[in-house]
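Structure record follows, encoded as structure tokens.
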Amino acid sequence: MRTAAVIHLDALASNIENIKKRLGKSTQLIAVIKGDAYGHGIRGIYPTMKAAGIRKYAVAVWEEGRELREAGAQDEDIYLLGDTWDDQLPELIRWKLIPAVFSVETAARINQLAAEAGTVHPVDIAIDTGMSRIGFPAGEKAVESVRLISEMKNLQIIGAFTHFSRADEPDGASMRRQLSRYEDTLIRLHEAGIHIPLAHVANSPAILLWPEAQLDAVRGGDALFGLCPVDRELWPAMGLKEVMTWHTHVAMVKTVPAGTEVGYGGTFVTERETRIATIPVGFADGYSRRLSNLGWVTIRGEKAPIIGRVCMDQFMVDVTEIPDTQRGDIVDLLGGKMTILDMAELLDQNVDEIVSMVSKRVPRLYVKEEEI
């Protein structure tokens with residue numbers, strides 16, 4: 001196999017248990033698996049999550065909800081955290097998906113579709129407390145809109161949520177302001193006779209740092225996959241493990257003299273006789289071109305620096321200091337001496353970006369430790 005992203009299911013199960021232990025007895029875990037489970041693959045990770053007892057999931061778009069249903073999630077609650085375009089609203093009814101509602105007009109359309117289908121459809125109210133993304137404005141402004149939705153006969157409000165924009169900040173000041181606005185909104189809704197059965201606000205950093213934000217449910221996303229959502233200094237104490245590693249092999253090894261240009265544009269020129277290994281992966285696989293002349297891979301337990309530009313399908317590394325390197329040697333792209341967190345910091349990116357960019361042409365292999 002040219003390359004593969006290995007999904008370590010034991011690490012995923014361990015992370016789920018770690019997060020569950022942080023929750024109060026009455027707090028439920030909603031597993032956020034948007035972005036094809038942060039690049040790990042919805043179909044491949046669902047059995048492990050099901051076995052761990054997770055009954056609530058959240059995705060970004062209805063197509064991801066459909067994929068989860070097709071993977072076997074028949075009775076579980078599936079929340080949509082993003083928008084659904086008007087002509088796709090019938091898919092919510094068909095696949096029994098719980099939309100984020102932030103418009104009375106959209107709610108009315110879903111109500112009409114539910115009436116035509118002879119059903120009462122669940123909806124989740126989105127409240128904007130400071131993210132400035134989707135949601136009814138927090139406070140009194142939300143009450144009239146939610147009241148109108150609550151009166152629609154073929155809709156059932158089953159929850160309300162907001163999203164923290166800065167829950168990873170150590171002082172928690174921003175998180176507390178948003179939490180206060182959210183709780184004030186729920187009080188106003190209650191006073192207006194509107195009951196919200198499931199209050200959920202905490203994302204991954206809030207789960208790890210702010211237990212006061214747990215409420216009825218939390219939404220665990222990147223933390224489930226061992227993707228660091230907090231300051232690196234705090235991360236080792238969290239006990240969570242990166243679930244994805246990424247591997248390929250050496251395609252060719254050659255020795256070139258000093259003064260040899262390497263790759264497109266000749267951006268690297270050897271200063272000594274150099275052994276070069278060609279790696280059969282490139283930016284079409286999701287291996288960032290920004291790693292050109294910057295990143296490294298692991299071969300035989302040692303760092304091999306990238307030299308020249310990362311191409312669409314290949315790149316080169318210097319293996320002069322790893323003299324036994326040969327065709328067929330395993331190359332760790334993620335894992336070994338390059339963790340997901342290392343690469344994110346090297347590229348000044350979010351850890352979620354790193355795994356989400358691993359393209360569909362890279363097969364996912366799902367393994368347990370005893371199978372390795």
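Any read-out appearing in this document is the output of simple, stated calculations on the displayed coordinates, not a laboratory observation. In this text, all values refer to a predicted model and were calculated from it rather than measured experimentally. Here the Cβ is made from the backbone with ideal geometry for all residues, glycine too, and neighbour counts use every protein chain on show.
If I stretch the segment between residue 303 and residue 21 completely, what's the gain in nm (0.36 nm per residue apart, minus their alpha carbon distance), one decimal?
The residue 303-residue 21 span can extend by a further 97.8 nm.
At 7 Å along the Cα-to-beta-carbon direction for both residue 112 and residue 199, put a label point, then send me their distance in nm to one decimal.
3.5 nm
Compute the relative contact order of the stretch 255-331 as a whole-number percentage, counting only Cα pairs closer than 8 Å that sit 6 or more residues apart in sequence.
31 percent
Which one, 82, 265, 220, has the greatest fluctuation when you compute a Gaussian network model over the chain with C-alpha springs under 10 angstrom?
Comparing 82, 265, 220 in the GNM, the peak value goes to 265.
Multiplying the sequence separation of residue 261 and residue 326 by 0.36 nm and subtracting their Cα-Cα distance, what value in nm do you get?
Length gained between residue 261 and residue 326: 21.3 nm.
May I ask for log10 I(q)/I(0) of the stretch 244-371 at q = 0.17 Å⁻¹, from a Debye sum over the Cα atoms as equal point scatterers with solvent left out?
Values, matching the q order: -0.86.
Karplus couplings for the stretch 253-266 from phi (6.51 cos²θ - 1.76 cosθ + 1.60, θ = phi - 60°), rounded to Hz, Gly and Pro as x?
10, 9, 10, 10, x, 4, x, 8, 6, 10, x, 4, x, x
Taking neighbour counts of Cβ atoms within 10 Å as a proxy for exposure, in what order, fewest first, do 254, 56, 20 appear?
Least crowded to most crowded, the residues run 254, 20, 56.
According to a simple spin-label model (label point 7 Å from Cα along Cα-to-Cβ), what is the distance in nm between residue 293 and residue 105?
Those two pseudo-labels are separated by 5.1 nm.
Relative to the longest principal axis of the C-alpha atoms of the chain, give the angle of the C-alpha long axis of helix 42-51, reported between 0 and 90° and rounded to the nearest 10°.
60 degrees
Using a Förster distance of 45 angstrom, determine the FRET efficiency expected from the C-beta separation of residue 252 and residue 368, and round it to 0.05.
Computed FRET efficiency for residue 252 and residue 368: 0.85.
Of all DSSP beta bridges located in the stretch 243-325, what percent are antiparallel, nearest 5?
100 percent
Can you pull out the GluC sites (Glu not before Pro) in the stretch 237-276 that DSSP calls coil and that have at most 12 other Cβ atoms within 10 Å?
Here the sparse-neighbourhood loop sites are 271, 273.
Please list, by residue number, every one of the GluC sites (Glu not before Pro) in the stretch 125-163 that is coil in DSSP and has at most 11 other beta-carbon atoms within 10 Å.
Sites meeting the loop and neighbour criteria: 151.
Is the C-alpha gyration tensor of the stretch 103-198 telling us rounded, prolate or oblate? Criteria: a/c under 1.5 is rounded; beyond that, a/b larger than b/c is prolate, otherwise oblate.
prolate
Using DSSP, restrict attention to beta bridges with both residues in the chain and report what percent are antiparallel, rounded to the nearest 5.
45 percent
In terms of Cα to Cα distance under 12 Å, which aspartates and glutamates are near enough to residue 34, apart from those fewer than 8 places away along the same chain?
Filter leaves 63, 64, 67, 222, 352.
In the stretch 117-157, which residues have a backbone nitrogen under 13 Å from the label point lying 7 Å from residue 177's Cα in the Cα-to-Cβ direction?
129-132
With unit charges on the beta carbons (Lys and Arg positive, Asp and Glu negative) and the dipole taken about the Cα centre of the stretch 206-274, which residue among 218, 229, 250 sits farthest to the positive side?
250
Give me the extension gain from residue 233 to residue 348: residue separation times 0.36 nm, minus the current Cα-Cα distance, reported in nm with one decimal.
39.7 nm
First measure r as the distance between the Cβ atoms of residue 13 and residue 341, then evaluate 1/(1 + (r/R0)^6) with R0 = 25 Å and state the FRET efficiency to the nearest 0.05.
Using R0 = 25 Å, I get an efficiency of 0.75.
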